[in-house]
């Protein structure tokens, strides 16, 4: 008896998942909904190696999109599937010519929502196939879906992305003939960096290499730590710290620590080794623009302090680092908490869309306890055991910026937990680079920081090809008021130090060294 077309399609999907996608049997046997595009994509054997299509976009059921500006022509295939009891929408974009052989998924927004089309455009320009999804969470603002559909928190374990990545790989094989030669993610901040670590931890077969820059993988503590910063400067009238005083504070920090690496360049190489006491700025007379009142000194000390659980004393997240002061405005400068923290408290902690800071002041013990409910921890991707990813040859590049206003200690802590869990040998597969003077993302412009340019995908491609982990990288820095120069950045925990002679814009005049250990001051 001849099998029905649905049976044939299902068997083809199972075979395709085994060959190009996941080995997770729950996903392989998951009921799904296929668009006509995806049904058509199942036809025909793969042909010889090539970087140009052997099939047609119409054959995939997709639509060709003409080149426009610097965006190349591509085949656009849309579909939906049923994952975690949600209708998950996705699109796959395949370059019409000169495919590199790469598949590079686009990271989602933190709470799902619209397809990440802007990020997909960026990736398409590199010549890679890309795929984006709404994670099955559509029509909501931020985490507001939790109030009516709390089950969708399970979607943030990233199984929807895992499923559509496998389908993108299958479509690439069908369109071009050979399968992908390199699968990689490269994301910064927001949901994208969280997605990278979710894939590496939970679905290690999906990627050959990954880059996570200033990542937000500890979701249940991320919003609470931002509230700590707002609370530090709003807990009393005396604690209010005018944004206008931040440049004065920043200059005092530079005067104390800028020369620690042997170069005065308005950048602190290793903020952890910066010994600056805000009390040095205590007003001797009345309040004025060149000093801090007693209440403001206490507020700044709390900004530099590691947030801790009020009952247990456990570290919650990281502090703001010395040298980052010009970027504090977003966190402390408004009449209400930073928008992410406000939405988090309303939807994830109190389940009250009318909550305000003054209605119920934060308690950094009870708030963490509520935040880390059994349902909420679905948004965390903090597992340091990466053995499955490492065993198959995966390479993970972690990057942090010491000036980021999303406290960079979270990046350092995760890396240190990976090394503690897996041993020093994991450094062959996982490396961390903390970039002095960098704020959030490569190529971005932020208050008080220079722009940092670097190609992390090329770095992990070379690492994967040669098997040699990078001990150092060279980044380009520039920006309004900043000299254009190259900067040596050392693999953590080493830091860069000037050799004492030669052009400071020449990285060869710097060396990498292990810094003197710094003991954190006891909480006040």
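Condition check: in contact (Cβ under 8 Å) with a residue 24 or more places away in the chain, over 30 Å from residue 503 (Cα atoms) and either within 22 Å of the chain's Cα centre (by Cα) or surrounded by 22 or more Cβ atoms within 10 Å (Cβ to Cβ) (or both). Does residue 289 satisfy that? For residue 289, the condition - in contact (Cβ under 8 Å) with a residue 24 or more places away in the chain, over 30 Å from residue 503 (Cα atoms) and either within 22 Å of the chain's Cα centre (by Cα) or surrounded by 22 or more Cβ atoms within 10 Å (Cβ to Cβ) (or both) - is not met. For segment 417-440, state whether one or more residues are on the phi > 0 side of the Ramachandran plot, in the same structural domain as residue 207 (by TED's automatic domain parsing) and at pLDDT below 95. No, that holds for no residue. Just to verify a result, which residue in segment 59-92, among those that are touching a helix residue (DSSP H, G or I) at 6+ places or on another chain (Cβ under 8 Å) and not in a strand (DSSP E or B), is surrounded by the most Cβ atoms within 10 Å (Cβ to Cβ)? Top of the filtered list is 62.
Scanning segment 310-332 turns up at least one residue that is in contact with a helix residue (DSSP H, G or I) (Cβ under 8 Å, 6 or more places away or on another chain), within 27 Å of residue 439 (Cα to Cα) and surrounded by fewer than 16 Cβ atoms within 10 Å (Cβ to Cβ). The number of residues in segment 455-475 being under 20 Å from the mean Cα position of the chain (by Cα) and surrounded by fewer than 12 Cβ atoms within 10 Å (Cβ to Cβ) comes to 1.
The residue of segment 136-148 that is farthest from the chain's Cα centre (by Cα), among those that are assigned to a helix (DSSP H, G or I) and surrounded by fewer than 16 Cβ atoms within 10 Å (Cβ to Cβ), is 147. Check 412, 452 and return the single one that is closer than 21 Å to residue 267 by Cα and buried (at least 24 other Cβ atoms within 10 Å of the Cβ). 452 is the lone residue from the list that is closer than 21 Å to residue 267 by Cα and buried (at least 24 other Cβ atoms within 10 Å of the Cβ). Restrict the check to segment 334-342 and report whether at least one residue is closer than 25 Å to residue 190 by Cβ, crowded, with 20+ Cβ neighbours inside 10 Å and free of Cβ contacts under 8 Å to residues at least 40 places away in the same chain. The answer is yes, given that some residue of segment 334-342 is closer than 25 Å to residue 190 by Cβ, crowded, with 20+ Cβ neighbours inside 10 Å and free of Cβ contacts under 8 Å to residues at least 40 places away in the same chain. Filtered by the rule that a residue be closer than 19 Å to residue 197 by Cα and part of a loop (DSSP other than H, G, I, E, B), segment 117-135 gives 134, 135.
Please state which one of 267, 297 is buried (at least 19 other Cβ atoms within 10 Å of the Cβ), touching a helix residue (DSSP H, G or I) at 6+ places or on another chain (Cβ under 8 Å) and in a helix (DSSP H, G or I). Don't jump to the end; show me each part of the working.
On the way: 267 fails: in a helix (DSSP H, G or I).
On inspection, the qualifying residue turns out to be 297.
With respect to residue 272, determine if the residue is within 26 Å of the chain's Cα centre (by Cα), outside the structural domain of residue 451 (by TED's automatic domain parsing) and surrounded by fewer than 23 Cβ atoms within 10 Å (Cβ to Cβ). Yes.
Here's the yes/no breakdown for (1) outside the structural domain of residue 59 (by TED's automatic domain parsing); (2) free of Cβ contacts under 8 Å to residues at least 40 places away in the same chain:
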| site | (1), (2) |
| --- | --- |
| 166 | no, no |
| 175 | no, no |
| 196 | yes, no |
| 231 | yes, no |
| 234 | yes, no |
| 242 | yes, yes |
| 245 | yes, no |
| 249 | yes, no |
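Of the numbered criteria (1) under 21 Å from residue 186 (Cβ atoms); (2) in a loop (DSSP other than H, G, I, E, B), the one residue 515 fails is (1). Whether any residue in segment 166-185 is closer than 28 Å to residue 373 by Cβ and surrounded by fewer than 24 Cβ atoms within 10 Å (Cβ to Cβ) is what I want to check. Among the residues of segment 166-185, not one is closer than 28 Å to residue 373 by Cβ and surrounded by fewer than 24 Cβ atoms within 10 Å (Cβ to Cβ), which makes the answer no.
When residues in segment 270-286 are screened for being touching a residue at least 24 places away in the same chain (Cβ under 8 Å) and outside any helix (DSSP H, G or I), 3 of them pass. For segment 246-264, the set of residues classified as surrounded by 15 or more Cβ atoms within 10 Å (Cβ to Cβ) and in contact with a helix residue (DSSP H, G or I) (Cβ under 7 Å, 6 or more places away or on another chain) consists of 246, 249, 250, 252, 253, 260, listed by residue number. Hey, could you check segment 93-116 for residues that are outside any loop (DSSP other than H, G, I, E, B) and farther than 23 Å from residue 197 by Cβ and say which is nearest to the chain's Cα centre (by Cα)? The residue in question is 93. Among residues of segment 443-466 that are at pLDDT 95 or above, those with a Cβ under 7 angstrom from a residue that is surrounded by fewer than 20 Cβ atoms within 10 Å (Cβ to Cβ) and not in a strand (DSSP E or B), sequence gap 6+ or separate chain, pair up as 451/443; 451/444; 451/445; 453/443; 459/470; 463/469; 463/470. Residues of segment 149-166 include at least one that is assigned to a loop (DSSP other than H, G, I, E, B) and more than 18 Å from the chain's Cα centre (by Cα).
Of 469, 521, all but one fail to be over 18 Å from residue 268 (Cα atoms) and modelled with pLDDT under 95; the exception is 521. Considering segment 119-135, and only residues there that are in contact with a helix residue (DSSP H, G or I) (Cβ under 9 Å, 6 or more places away or on another chain) and surrounded by fewer than 23 Cβ atoms within 10 Å (Cβ to Cβ), the residue that is farthest from residue 92 (Cα to Cα) turns out to be 126.
Run residue 396 past the list (1) in contact (Cβ under 8 Å) with a residue 40 or more places away in the chain; (2) in the same structural domain as residue 190 (by TED's automatic domain parsing); (3) surrounded by fewer than 20 Cβ atoms within 10 Å (Cβ to Cβ) and report the number of the one that doesn't hold. Condition (3) is where residue 396 drops out.
The values are calculated or read from the model by the stated rules, or taken from the named source; none is laboratory data. Just so it is clear, the structure is predicted and the values come from calculations on it, not from any experiment. Heads up, the Cβs are rebuilt from the backbone with ideal geometry, glycines too, and the neighbour counts pull from every protein chain shown.
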